[in-house]
Amino acid sequence: MPNELDGAVAVDFPLWGEHPKTQWVAVNTPSDRIPSHGTDMLGQRFAYDLLQVDSRRGLHDHPAGTFCRLIFGVRARDCYAWGAEIHAPFDGEIVRASDGVGERRWIHPLRELVLVLKNAATFSPDRLPSVLGNHVIMQSGDIFAGFAHLVPGSVTVEAGQTVRRGDVLGRVGHTGNSTSPHLHFQLMDSPELMTAKGVPCAFRAYEVLRDGSWESVENGVPRKVDRIRYEAANE
């Protein structure tokens with residue numbers, strides 16, 4: 001049976017740089033399962049959720065310990081990923097740029113999970129903003145890229161604008177269907193999310209942390225267990 005990721009469209013990794021004590025992780029990735037989010041809806045068959053974590057075992061996206069987070073919660077803006085710049089992964093044109101959705105400033109895991117499940121159970125086309133949060137869709141030929149959950153007021157582009165690879169589109173946030181600040185990123189064949197089909201996506205170049213050393217990867221699809229980074233100098 002053919003691998004659905006064979007011939008995946010390769011684009012730049014949209015999150016640049018590395019904090020000395022943190023790395024990016026694809027907590028949802030088509031390398032581990034397809035559909036990566038358990039559904040083909042909204043063009044997300046091959047979508048990624050990119051989270052920034054520290055070096056502790058597991059997925060710690062905030063300096064607080066697990067017990068503290070579960071009991072008291074944490075501020076969204078204190079999570080490692082919050083505010084990270086999102087870069088255009090290819091040259092293209094902005095099709096849609098939506099801002100103004102408010103952000104939940106305090107994260108409590110149980111509340112976030114309940115909100116996500118509620119949005120899923122009551123989803124309808126008119127509730128798209130409550131799912132996507134602040135978001136951007138850009139186009140190159142017949143390929144469209146979607147970026148969701150951006151910080152309010154951080155979107156730097158507008159519909160019809162031409163952008164170059166590396167241009168900043170906005171910043172990682174915690175709006176819409178999000179349990180913690182992260183970037184939801186996907187490729188699809190249409191900007192119309194209700195009918196779009198997901199397009200397999202690989203990243204042209206990034207590095208993976210293996211046995212304490214960074215190893216280069218080309219045209220790869222990160223696994224959930226991979227700690228990854230991307231520097232513009234890799235081009």
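The values are calculated or read from the model by the stated rules, or taken from the named source; none is laboratory data. Computed from a predicted structure; not experimentally measured. Reconstructed Cβ throughout: ideal geometry from the backbone, glycine too, with neighbour counts over all protein chains shown.
From the list Arg105, Arg77, Arg96, the one residue that fits, being exposed (fewer than 13 other Cβ atoms within 10 Å of the Cβ) and not aromatic (Phe, Trp, Tyr), is Arg105. Evaluate the following for Val131: is it at pLDDT below 90, under 26 Å from Val11 (Cα atoms), out of contact with any Pro (no Cβ under 8 Å at 6 or more places or on another chain) and not polar (S, T, N, Q)? Spelling it out, Val131 is indeed at pLDDT below 90, under 26 Å from Val11 (Cα atoms), out of contact with any Pro (no Cβ under 8 Å at 6 or more places or on another chain) and not polar (S, T, N, Q).
From the list Arg204, Arg171, the one residue that fits, being of a type in the set (Lys, Arg), touching a Gly at 6+ places or on another chain (Cβ under 7 Å) and part of a strand (DSSP E or B), is Arg171. Counting residues in segment 185-206 that are within 15 Å of Trp82 (Cα to Cα), under 16 Å from the mean Cα position of the chain (by Cα) and modelled with pLDDT of 95 or more gives zero. Among residues of segment 147-162 that are at positive phi, those with a Cβ under 7 angstrom from a residue that is outside any strand (DSSP E or B), sequence gap 6+ or separate chain, pair up as His149/Gly133; His149/His174; His149/Thr175; His149/Gly176; His149/Ser178; Gly153/Asp99. Filtered by the rule that a residue be more than 28 Å from Asp12 (Cβ to Cβ) and either at pLDDT below 90 or of a type in the set (Ser, Thr, Tyr) (or both), segment 59-89 gives Gly65, Thr66, Phe67, Cys68, Arg69, Leu70, Ile71, Phe72, Gly73. Against the criterion of being touching a helix residue (DSSP H, G or I) at 6+ places or on another chain (Cβ under 7 Å), β-branched (Val, Ile, Thr) and buried (at least 18 other Cβ atoms within 10 Å of the Cβ), Val155 does not qualify. Figure legend. Inter-residue proximity from segment 203-225: first residues within 19 Å of Gln52 (Cα to Cα), second residues aliphatic (A, V, I, L, M) and not in a strand (DSSP E or B), beta-carbon distance below 6 Å, spacing 6+ or different chains. Indicated pairs: Val221/Leu5.
For segment 158-171, filtered to residues that are within 14 Å of Phe144 (Cα to Cα) and β-branched (Val, Ile, Thr), the residue that is surrounded by the most Cβ atoms within 10 Å (Cβ to Cβ) is Val163.
Apart from one condition, Val208 fits all of (1) buried (at least 18 other Cβ atoms within 10 Å of the Cβ); (2) within 20 Å of Glu4 (Cα to Cα); the exception is (2).
Considering only residues that are in a strand (DSSP E or B) and in contact with an Asp or Glu (Cβ under 8 Å, 6 or more places away or on another chain), look in segment 148-168 and name the one that is farthest from Val53 (Cα to Cα). Talk me through it step by step, then tell me what you get.
In the first step, residues of segment 148-168 are kept if they are in a strand (DSSP E or B); the result is 148-150, 162-163, 168.
Next cut, in contact with an Asp or Glu (Cβ under 8 Å, 6 or more places away or on another chain) only: 150, 162-163, 168.
On the way: Leu150: 18, Thr162: 32, Val163: 29, Val168: 22 Å.
Among them, the one singled out is Thr162.
A single member of Leu110, Leu117 is surrounded by fewer than 18 Cβ atoms within 10 Å (Cβ to Cβ), modelled with pLDDT under 90 and within 13 Å of Gly176 (Cα to Cα), and it is Leu117.
Residues satisfying the criterion are absent from segment 65-80 (criterion: of a type in the set (Val, Ile, Thr), farther than 15 Å from Ser178 by Cα and touching a residue at least 60 places away in the same chain (Cβ under 8 Å)).
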